[in-house]
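Some notes on the structure that comes next.
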Amino acid sequence: MPRSRRSTKVCSRCRKRKTKCDFIFPACTPCKLASLPCLGFDPSSKEAVPRSFVKSLEARVEELEAQLRSFNAASSNVPYLITTAVAQATISIGVPFQNSFLGSKASSPLFFRPSCPPLAIARERVQYNPNKNLSLQHNNYINGAPINLRSVPFSAINRMIRNYVDIHLPQYPCVSETMVNEILDRIQRQDLKDPKALPIHHVPTDAGLGHFEYFVLLVALAISAMTLTWKADYQARAASESFYNAALKHLQAITDHSEIQALQVSLLLAHYAHMCPERVDNWTCISNAVRIVLNLGLYMECNHLIQGEPCQRNVLFWVAYGMERSLCTNLRLPLSFPEEAITVKLPTTEKANLNPGHPTSKPSKMSVAYHICRYRALETEVHRVLHLEEDLTKFGSSTIEDWIESITQRLKRWYEKAQSYTQYDMLEFKHVQFHHLMARIHRPTPRLRLRGPDNWKAVLDASSVLIQDYLAQERRRRLFYPWHGVHILFETAVISLEACWSARNYEPLQGRAHKMLHTSIPQCLQLLINIGERWGEAAVCADRLRPLADNVRTALTNPDTLLLAMVDESIITAEILDLLFTDGPLSWTRANCGDILSGLSDSDPLLNSMADDSLELFSWNPEWDIMPADSIQGYEL
């Protein structure tokens, strides 16, 4: 048998010693460790020659091409539509170390681990002492047993489903209202009358419902249970946890699902992750949803489909779009797919209304979802211009000043339209969305690192209103989405501290800065601590910001002391800048954080005990009660 030829890229020393060479330029690892010159080898003269940078690059390209060929040959490959480097960076979730899940290349532990905190916290995680930050290792939630659905009064189930349909489905229409109502109707007419039916362990054939339908129902109940006004908060958390665990049992039992169903599962899990980030990783769920969206081409206009399917495809695309854009803008990620690739049309508000000809008619739930998508488009544009630094001509502006004026006016028009939903108890988070994006427009960004007094004032005014709105939500027990809340409050505190610090010598803003430092920021940190009772990362965010807030407050209250210690000024400035500009390589490395954050494997009893009839079931406590529907109406948030 002929001997294989050794690579000519192997250095002369490794070739002579017949050891493995890693081709690193300008010196391979063996030569570098030996502190010896690393020379190349010329096969024609058979002599040692200086290493070639070009050849080292060629070797690296050859290695990467081999990895790419291996990757493309994998059966669970991410769609070829995701071809850009930024898309790969955005949805890269690591090579699974267990079985794949939902037809993706991700294993179930990647789905069912805590969601990513603000990247500034994720990047500094290694600096924390695990013994002092138990929230990084353990969640405050106690895993409850899956609920015995038969122990729940149907009136309570119906109340929770109505809450889900009226409040949550308009914002995240992952499934249709018709589908939810049909499931509920069959549960009432058939399943609840069958004493032999065990929804956790087997699905009654006469009900016409499968594990997928039960999963949809139970996740909807888990989402709704967290947001109803209960007599005590622990009741909501315990009930939601048990509904969610029951949903996981049915999810694990799904053996044959369509791509559309896998997309709906991913979106429902992402929705739950926004509410319970300690239980599900929204990044992985949204990444998998994006994979399916691109694989099915849902971002493209398609008219050659069966009746009813185009509407479903469009709705699911815009739900995935909104979630992915929100994730990217909050975590400062590149976009998974460019806006220019989207050809499917976003319906106008008028077309989405049920009875557009009647001025007093209530707008449809879909019009709410589409109006939120318009906000996500504005949010994405701000991200693309100020953080990704894309060409302004793409957005019809020649100067950054013209663009700021344009985006501000469009945001104000969106906000004005959103006010019309108030009378229907829809879009209750519109104030947070408006003021948060207004603050983002005026904060320091990679494109505009230095901002002036007008921007400082805009940031302080928007941040003050935003914090007060979150305080009102907390008082009314309407702080539904802690993942968004933590990211928004953390960013708000950072940019407010920067505005106060930058305006320390600008007398017209000293009154605003004093109020922000002594009232609003302490309230913001307390909000994070309170949310920390549900998601430990929120408390870590508060602990990270408190020393900086104290230093800025002390420095501005005692300016003479600051003049005697100029080094403190430079330290404060550097710390603020480090928190402001956390953009860069993605740092939420799931593989490295698995031992700390997961604690869940594919063999976990919670996911793999479907056939265990001895599994403890959680029963509805007869003493539990939820407030009547009219007790939560009339709130203007």
- Task: Arrange the peptides 499-511, 568-580, 276-288 so that the one whose residues have, on average, the most other Cβ atoms within 10 Å appears first.
- Result: 276-288, 499-511, 568-580
- Note on the structure: For residue 339, the accessible surface traced by a 1.4 Å probe with all protein chains present amounts, in square angstrom to the nearest 10, to 50
- Around residue 10, which amide H atoms from residues at least 5 apart in sequence, or from another chain, sit under 5 Å from its own amide H, with H modelled in the peptide plane? none
- Query: Percent of accessible area on the range 470-583 owned by carbon and sulfur, 1.4 Å probe?
  - Reply: 54
- Note on the structure: Given a 1.4 Å probe, the accessible area of the range 449-490 per residue, as a whole number of Å², is 37
- Task: Take peptides 407-420, 210-223 and line them up by average Cβ neighbours within 10 Å, highest first, as a rough protection proxy.
- Result: 210-223, 407-420
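The values are calculated or read from the model by the stated rules, or taken from the named source; none is laboratory data. Small disclaimer: the values here were computed from a predicted structure and weren't measured. Don't worry about glycine lacking a Cβ; one is built from the backbone with ideal geometry, like all the others, and counts go over all protein chains shown. The protein model used for the area step is the full one, side chains on, heavy atoms only, and it has no ligands, DNA or RNA in it. Shrake-Rupley method; radii C 1.70, N 1.55, O 1.52, S 1.80 Å.
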